[in-house]
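Quick notes on the structure that follows.
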Amino acid sequence: MIYLDNAATTQVLPSILETLKDIYTEYYANPNSIHREGQKAKNLIEKSRFSIAQILKCKADEIIFTSCATESNNLAIFGLAESYPEKNHIITTPIEHKSILAPLKHLSSKGYKVDFVKVDNNGIVDLDHLKSLINSKTLLVCIIHGNNETGVLQDINQIGKLCKEKEVILFTDAVQSFCKEDINLDFVDMFSVSGHKINAPKFIGMLYKKEDVKLKPIIMGGGQERGLRSGTQSPQLINSLYLAVEYWHNNKETLITHLKVLREHFEKRLKEKLPEIKILSENVKRLPNITNVIFPKVDSQTLVMALDTEGVAVSSGSACSSGTPTPSHVITAYGYSEKEALHSVRFSFGIFNTLDEVEVATEKIVNTYKDLRSFF
């Protein structure tokens, strides 16, 4: 199987897998226990927190460990709303991940005003429109950094400067961009992270929160994570997140170059063989590992399933609910029709993919598409 769905999840680093067995054996105690074994486990958590903070150039207390980015996003949005009841206006985009849109929809049902800033046909936020939406009741601007379906990157620094001028909190979903793009903490107040997108195991995430941003917990209990996320922490998973961050930090240039080579080769070969396709947002700044392609004569669900039988794992640009294909809200927000959105496929490359794999996958994609196209 040639796995080209790394935006969905990534393979765990072999070095982390090797480390986990020893850590589970040595640091098995509850980190909230006061005995020696418990404190040893707690020390591993705090060492991991401090080491990540050093890499990010922030304070250790500004890092909150969670189970995943979905939890981080919910904590950021609901925790903020609970802390600033005098402000009831939030600005976001129509191209956010559902773990952002769903909490905002819930707040909207409770009386919050949620405005959506315009994006152009490449998915870039309209800064003038954003500026015009901010008012005295605006609590939060919530804008994704690197889009999970198209890879398009927002100019988060310019957005952050505007928010700082207007004294509005900026929160960004950095799940896809974390470790691949720098995040200037001078302009970002909060951002979310998911470990399994950067070759750590699943079920470990993180929320960066500036120390002066007030936040109330949404999970209550024993008061772990500075009272912001109750529940027994996993020293093993937290340390795995640190090891993944460290690996990407130490090898960033090499890894990014590798991913760019794979993506650019793939796009070039695909366009040569199938000139009728359209690569979304091809000429704007994107993440190095994601490309989204519209195949005009074959729907994405059919193509994805056919490719699976050919040994190529990819994902459609549309969600599937109860067996009924639904156009991607991201693609339609770019101005594409629902039909075009139902023909989009996301290809996402990982650090373990090779150029040979991409070449073989390209041939399979081209041949499969041509075979399917003959039926339509």
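Just so it is clear, none of the values below were taken in a lab; they were calculated from the coordinates. Predicted model, so just to flag it, every value in this text is computed and none were measured. Note: ideal-geometry Cβ built from the backbone for every residue, glycine included; neighbour counts use all protein chains shown.
Output the 0 to 90 degree angle, nearest 10, between the alpha-carbon long axis of helix 355-373 and the longest principal axis computed from the alpha carbons of the chain.
50 degrees
Which one of ILE77, LEU44, ASN32 is farthest out on the positive end of the charge dipole of the range 14-247, using unit charges on Cβ (Lys, Arg +1; Asp, Glu -1) and the Cα centre as origin?
After comparing all options, I get ASN32.
Among DSSP beta bridges lying fully in the chain, give the percent that are antiparallel, nearest 5.
On the way: 24 of 41 bridges.
Antiparallel bridges make up about 60 percent of those DSSP assigns within the chain.
Using only the alpha-carbon atoms, how far is helix 156-165 inclined from the longest principal axis of the chain? Give it as 0 to 90 degrees, nearest 10.
That works out to roughly 50 degrees.
Give me the Kirkwood hydrodynamic radius of the range 172-331, using the inverse of the mean 1/r over all pairs of distinct Cα atoms, in Å to one decimal.
Here the Kirkwood hydrodynamic radius works out to 19.0 Å.
Treating cross-link reach as a plain straight distance, find the aspartates and glutamates whose alpha-carbon is under 12 Å from the alpha-carbon of LYS161, omitting any fewer than eight places away in the same chain.
Partners found: ASP186, ASP189.
At what distance in angstrom do the alpha carbon centres of the range 166-203 and the range 208-230 lie from each other?
What the calculation gives is 17 Å, centre to centre.
Taking the Cα centre as origin and putting +1 on Lys and Arg beta-carbons and -1 on Asp and Glu beta-carbons, what dipole magnitude results for the range 14-247, to the nearest 20 debye? Walk me through the intermediate numbers first.
Details: 28 positive and 28 negative charges, 116 e Å.
Charge dipole of the range 14-247: 560 debye, to the nearest 20.
Total Lys pairs in the range 223-311 closer than 26 Å by alpha-carbon, pairs eight or more apart in sequence or interchain only?
Lysine pairs, 8 or more places apart or on different chains, close enough: 16.
Counting pairs on different chains as well as pairs 8 or more places apart, how many Lys pairs in the range 37-155 have Cα atoms under 20 Å apart?
Lysine pairs meeting both conditions in the range 37-155 amount to 19.
Report, to the nearest 10°, how far helix 98-109 tilts away from the longest principal axis of the Cα atoms in the chain, using its own Cα long axis and a range of 0 to 90°.
The angle comes out near 70 degrees.
At 7 Å along the Cα-to-beta-carbon direction for both SER374 and LEU17, put a label point, then send me their distance in nm to one decimal.
Between SER374 and LEU17, the simple spin-label model gives 3.9 nm.
Work out how much length THR9 to THR232 would gain on full extension: take 0.36 nm times their residue separation and subtract the Cα-Cα distance, in nm to one decimal. Before the final figure, lay out each step's value.
Working: separation 223, 0.36 × 223 = 80.28 nm, distance 2.45 nm.
Length gained between THR9 and THR232: 77.8 nm.
Select from LEU130, HIS249, PHE349 the residue farthest towards the positive end of the dipole of the chain; place +1 on Cβ of Lys and Arg, -1 on Cβ of Asp and Glu, and compute about the Cα centre.
LEU130
What order do you get for 174-187, 118-131 when each peptide is scored by the mean count of other beta carbon atoms within 10 Å, highest first?
Packing proxy ranking, top to bottom: 174-187, 118-131.
Which three extents, in whole angstrom, do the alpha-carbon atoms of the range 14-247 cover along their principal axes, largest first?
56, 35, 28
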